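Derivation of every value follows stated rules applied to the coordinates shown; laboratory data play no part. Small disclaimer: the values here were computed from a predicted structure and weren't measured. Glycine also receives a Cβ, built like all others from the backbone with ideal geometry; neighbour counts cover every protein chain displayed.
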Amino acid sequence: MKAKIRVIVSGAGGRMGKEVVKLVLQDEELELTAAVDRSSSGSDAGRLVGLEESGIVVVSDLETALAESGGEVLVDFTTPQSAYPNTLLAIKYGVRPVIGTTGFSPEQITELDKQCQDRGIGGLIAPNFSIGAILMMKFAAQAAKYFPHLEIIEYHGDQKLDAPSGTAIKTAEMISEARQELRQGNPKEEEVIEGARGGYYNGFRIHSVRLPGVFAQEEVVFGGYGQSLKIRHDSYERAGYMPGVKMGIQKVMGYTGLIYGFEHFIE
Ligand code: NAD
């Protein structure tokens, strides 16, 4: 039988971290060697996520976990402030980082790539682990070659701070790479109510809907003469990210250097 991949989870007590702990404890190809969180230390990792006792007690010190638990991969879902030092520390101990935390600067990504190369290990930073969302972006970029008139509509919960969402911005970037420059709509158009036409990006518009009860949805609507095309992804809960996290854990064992963006794994 193939050896299990030994995984350390940091941010284990957070919303995403708990899903990762559940994934690792329940997956036969993965083994949890340590769970780290600032706020849940002392709890059993299994109990923390509603499973039976795992024997892995949540600790607050990542460095000890990296040095002593025998983990091969660190999965990090913490905060933008913590994730960079955590990643540097993991690389120092030869533990491959698989990072879901958002907020890395291009300079930090370049530095982490260099560190991974020097250490001879693989690493992954993926601001979006949802395979469905990545496919939506890829399909939308492909469709934009043939349907250059489009609008993006994204839906999130009403407490989200930033608009548009990171996924919508990434979709817009990928579409812009594939689409011929075009300013849509009537050049004389005027907004009667400010913002009615949404945010402007490279000739097309992005609309952000914020409502309680919504988790994360996005659609790209293409208009052509006599037809329209909609590409839509609906995300209902955090568990939807886990197939991507597992794929990241497996992939990172097989290359050297840091890959930024899960889309590089999807052909
Ligand atoms: P959260 O606030 O629920 O959890 C963060 C956890 O990290 C907390 O339990 C906190 O105690 C812990 N923590 C903070 N600093 C730490 C440190 N130095 N060491 C150990 N633990 C530490 O947040 P969340 O909703 O789980 O999101 C976490 C991150 O993941 C955010 O950056 C979010 O944007 C990102 N995210 C990414 C994806 C993706 O697909 N890549 C999906 C959802 C969220």
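Since only 140, 165, 212 are under comparison, the one whose Cα sits farthest along the positive direction of the charge dipole of the stretch 131-235, derived from C-beta charges on Lys, Arg, Asp and Glu, is 140.
Over the stretch 93-135, calculate the relative contact order: mean separation of alpha carbon pairs under 8 Å at least 6 apart, over the residue count, as a percent.
On the way: 32 pairs, mean separation 23.8, N = 43.
It comes to 55 percent, rounded to a whole number.
For residue 139 and residue 61, FRET efficiency with R0 = 51 Å and r from the beta-carbon atoms, rounded to 0.05? Efficiency computed from Cβ-Cβ geometry: 0.70. Each of 91, 182, 67 was scored by the projection of its Cα onto the charge dipole of the chain, and the greatest displacement toward the positive side belongs to 182; charges sit on the C-beta of Lys, Arg, Asp and Glu. Couplings 3J(HN,Hα) of the stretch 195-207, computed from phi: x, 4, 8, x, x, 8, 9, 6, x, 10, 10, 10, 10 Hz, in residue order, whole Hz [Karplus 6.51 cos²θ - 1.76 cosθ + 1.60, θ = phi - 60°; x for Gly and Pro].
Could you tell me which helices of the chain pass both thresholds, a Cα extent of 15 Å or more along their own axis and a mean Kyte-Doolittle hydropathy of at least 0.5, with helices taken as whole DSSP H runs? Could you put the intermediate results ahead of the total?
Values: long enough: 15-26 (17 Å, 0.20); 80-92 (19 Å, -0.09); 106-119 (20 Å, -1.74); 131-144 (20 Å, 1.47); 166-178 (19 Å, 0.22).
Qualifying helices: 131-144.
Rounded to two decimals, the Cα-based Rg/Rh of the stretch 50-201, with Kirkwood Rh, is 1.10. Could you tell me the center-to-center distance, by alpha carbons, between the stretch 1-38 and the stretch 87-106 in angstrom? Measuring centre to centre over Cα atoms gives 16 Å.
The H on the amide N of residue 98, modeled in the peptide plane, is under 5 Å from the matching H of 74, 75, 76, 124, each at least 5 residues off or on a different chain. Taking trypsin sites (Lys or Arg not before Pro) across the stretch 101-201, the ones in a DSSP loop with at most 11 further Cβ atoms lying within 10 angstrom of their Cβ are 145, 183, 188.
Remark: the stretch 131-235 carries a charge dipole of roughly 300 debye about the Cα centre, counting +1 on each Lys and Arg Cβ and -1 on each Asp and Glu Cβ. For the stretch 109-214, the list of chymotrypsin sites (Phe, Trp or Tyr not before Pro) that fall in a loop by DSSP and count at most 14 other C-beta atoms within 10 angstrom reads 146. One way to sum up the overall shape of the chain is the equivalent ellipsoid from its Cα gyration tensor, whose semi-axes run 38, 20, 16 Å, largest first. Beta-bridge orientation, the chain: approximately 45 percent antiparallel, per DSSP, counting only bridges with both partners inside. Checking every one of the GluC sites (Glu not before Pro) in the stretch 41-146 against DSSP loop status and a limit of 16 other Cβ atoms within 10 Å picks out 52, 53. When the alpha-carbon atoms of the stretch 131-235 are used, the pair Rg, Dmax equals 13.5, 40 angstrom. Each Lys and Arg adds +1 at its Cβ and each Asp and Glu adds -1 at its Cβ; summed about the Cα centre, the chain shows a dipole of about 400 debye. Less than 16 Å from a label point 7 Å out along the Cα-to-Cβ axis of residue 255: which backbone N atoms in the stretch 78-100 qualify, by residue? Taking a point 7 Å out along Cα→Cβ of residue 255, the residues of the stretch 78-100 whose backbone N falls under 16 Å are 96-99.
How big is the C-alpha Rg of the stretch 1-104 next to the rule-of-thumb value 2.2 N^0.38 Å, as a ratio?
That ratio works out to 0.96.
Considering the chain as a Gaussian network with a 10 Å cut-off on Cα pairs, which listed residue, 125, 231, 91, attains the greatest mean-square fluctuation? Comparing 125, 231, 91 in the GNM, the peak value goes to 231.
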